[in-house]
Structure formats: C-alpha cells, structure tokens
1. I'd like the Kirkwood hydrodynamic radius of the chain, using the inverse of the mean 1/r over distinct C-alpha pairs, in Å.
2. What are the residues whose amide H is under 5 Å from the amide H of residue 39, where those residues sit 5 or more places off or on another chain and H is modelled from the backbone?
3. Could you calculate the contour length gain from residue 185 to residue 170, that is, 0.36 nm times the residue separation minus the distance between their Cα atoms, to one decimal place in nm?
4. Please express the shape of region 222-268 as an equivalent ellipsoid: the semi-axes are the square roots of 5 times the eigenvalues of the C-alpha gyration tensor, given largest first in whole angstrom.
5. Would you please give the residues with an amide H less than 5 Å from that of residue 301, counting only those at least 5 places away or on a separate chain, with H modeled from the backbone geometry?
6. To two decimal places, what compactness ratio does region 204-289 give when its Cα radius of gyration is scaled by 2.2 N^0.38 Å?
7. Normalised by the residues of the chain, what does the relative contact order come to in percent, with Cα pairs under 8 Å and at least six apart?
8. Excluding residues fewer than 8 places away in the same chain, name every one of the lysines whose C-alpha is closer than 23 Å to that of residue 373.
Amino acid sequence: LLAMISTVNAATVNVTTEFIADLQQPQKNAFVNTTPVTGFCSQHPAYCNAGEFSILIPGLSAEKYFDSTSNNARNYTAISLDGTKKNIVLRDDKTGNQIAGVFRLAFFGMQHTSIDRYNIFNAMQGTGLYPQGGCSGRVGVGLGSAYSEFRHGWGVPERILTCYRKLSNSFQGDVRISNFSFGYTLETPNPLGVYSGEYEGEVVYTVGEGEDINFHAETTSDTEIRIKIKANVRHAFQVKFPSDAELIKVSLAPKGGWSQWTNGGRVPDSLSQEVPFTLSSTSGFTVNMRCEYDLEGACALRETTSPTGEKIPLEVSLTLPGYKTENGREARNLLLNSLPAGHVILPPGEFVVHRRSQVDFKVRKPGVETMVKSPGSTWKGVVTLLFDAHAD
C-alpha cells in the first residue's frame, strides 16, 4: 500500500487596514493601510513611489542558479505573478456583519544574494529601473561585502504577467532570493455603508511552477502565501441638543396656547412639545427608549400631586431627515416604544453633518381629558433616549 502525502508550507503575514470616519474631512472615505512598513520600502523609502508601501513576508525564500550565458528564465531575475483582483470576504465574528472586498498585489520588493559572495550588483545593474514584461521599475540597490546583495522593487499592473531582467554582465553562481515584500490595494464598498467593528478575512496565493507566484527557482521555501487581513471600521456619531444640560425640561402645551381652555372650557385636542437637535453621523444606529413610567411598551406621565398616581400615555416620536428604518421607510414621525429591540436606523451612505432633527412629545385628547379633571394637578415623567452608533 503506497500512501501519497502532499505537504503544504505556508508563509503567513498579517495585514491591518482601517477606516476611521472624520466629520471634519468627509472626503476621506477609503480604507488606509496601518500595517507597519517593512521590506523594500522600509529599507529604501526614497526608491518607492509616493503613497507606496511594502510588507515583508517572513521566511519566504527561494534558490536558483544565475548564468549570464543562458536564455532560460531560471538563470536570471524573473518572477511570474497574478496581479489581478481577488475577491475576499471580511467578517466581524462578534456581530456576523460582513464586507465584500477586492484585494490585489500592486508592488513587490526582493533581495538577491550571491551564496558564494560574488559581486552580484555588477551583473544586476539596471534590474531595478528597467524590467521587461510589464512591471514598472524602481531604483535598485547593491549591498554587502563585494556587493554580494542586490535589492529592487517593481510595480505590478492589474493582470497576470511574467516580469524579468537578464543579467547585464558576466555572472555564474548560486543565488538566494529573500526579503520578499509586497504592497497591495484593498477595495471595498463604501465604508459608510458598513457598521463599525473588527473585520477579518484571508487571501491565499499559491507559490511554485504554474502558480500565482513563481520565482522560476530550483527550490522555494513555501508553497502558499496566506495574507490575513484585519480591517478596523470606526464611525463618527454626534447628537447635540440646544441645551448641554444632562436633563432637558419639556413643557407640554396645546397648539395656540391655553386660551381655548381658560376662556371657553374647550378641552385641547392634544398637548405637545417639539425638541430640536442636530445629528452628525457616518453610520447607522439603534435608538432605544427608556421610561420612568412604562405603560404597555410606551412611556407615560404620572400624576404626582395625589396618592392615586394615575398614568396617561405619552407619545414620543423621532424625525430624522435623510434616514430610513430597517423596513426601508423614511424615519419621519417614527413612533418609539420601550421594547428592548429598539429601532434600527440604516446607514445613510454619506457623511451627515449637523442635520436638523427633532423629537416630539405628545399627549392625545383622552389623556388631556383625564388631566383637566384634576385642576392644579402636576403630571411628570422622565424619558431617556439611547443612541447606539454600533461603535466600540
């Protein structure tokens, strides 16, 4: 019985990126790499383009034989790679929310070292600046004793291609490829449309002959590169009432004042008060209502001047222009309840800055009729609104 065992050696690298909304800079709505810059752009920042970065893949290496007399790609600088977009799903394990993204290799840097300590810089002159096959060049650098090391980086277009550079001068000897680093782009839907959270995902590149990345080498340390991505989304949220006081006093009155009651004895149809506020947000949120006096899932006012303590219903509603509820309706005159689930307001998909909104308090006629039966009575109740912007 012959058992065939396939071994996968995977080089793993952790990548972090973030979107932190800033109400002062609404034009900035893209993810930004936050992974520490390592590899070529860390060692030689002057030779990377503006905004370009690199991330070292630890442990990844390959070995090949350089021969300036050969026309075989195995005998000079050559790399085949997949620069096309790869779909990736980023998931927040705490909430189950997901982001569909597109990842792409956009740059790589690498180092060639002569194992026999020969001068490899002389043979690789022009490799950095003048690649063939479609990659864009960067300045290369010779290092080490007798210039036995050469580093360079190449930009990667959006396609599958083989980039190479034949040796400029005579050289024969074994070479180790190491210090392999990459730059990337990560495209996602508008981050304003996703909730705050910590999202994670992974993209895998295979390594070897005919695979996503091919060094055209005799030996390669790994058969896969696993890029683990953590994306941090943080939204901005601000609710500002006219008064900064912790407790806002609301006095209910009939439309047009109390004259209709005091002069004619007519019971007002309702008592109400509008409280304006401004809302600034880059995300969706949930609104919960808590009542000092609860009455079948709604808030109530309680008569405080008599032992009976009778209660009457108090309606509380929100108007949030430009927002919609989870059922797709405009958040206008949204009647609140005190149920634990609260009211889900969908992400606006844009920066909302200082938008005028309002909360309305109302006692309808049956409640008013109860109130006027007790002249001189006082009716009170505390209503607390909790805005949860889904941000940690």
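The values are calculated or read from the model by the stated rules, or taken from the named source; none is laboratory data. Remember, predicted model here, so these are calculated numbers, not experimental data. FYI the Cβ positions are ideal-geometry reconstructions off the backbone, even for glycines, and counts take in every protein chain you see. Remember, those area values only see protein heavy atoms, side chains included, never the ligands or the DNA or RNA. Shrake-Rupley method; radii C 1.70, N 1.55, O 1.52, S 1.80 Å.
1. 26.1
2. 56
3. 1.6 nm
4. 62, 14, 7
5. Amide H neighbours of residue 301: 312, 314.
6. Taking N as the residue count of region 204-289, the ratio is 2.71.
7. Here the relative contact order equals 18 percent.
8. 255, 311, 362, 365
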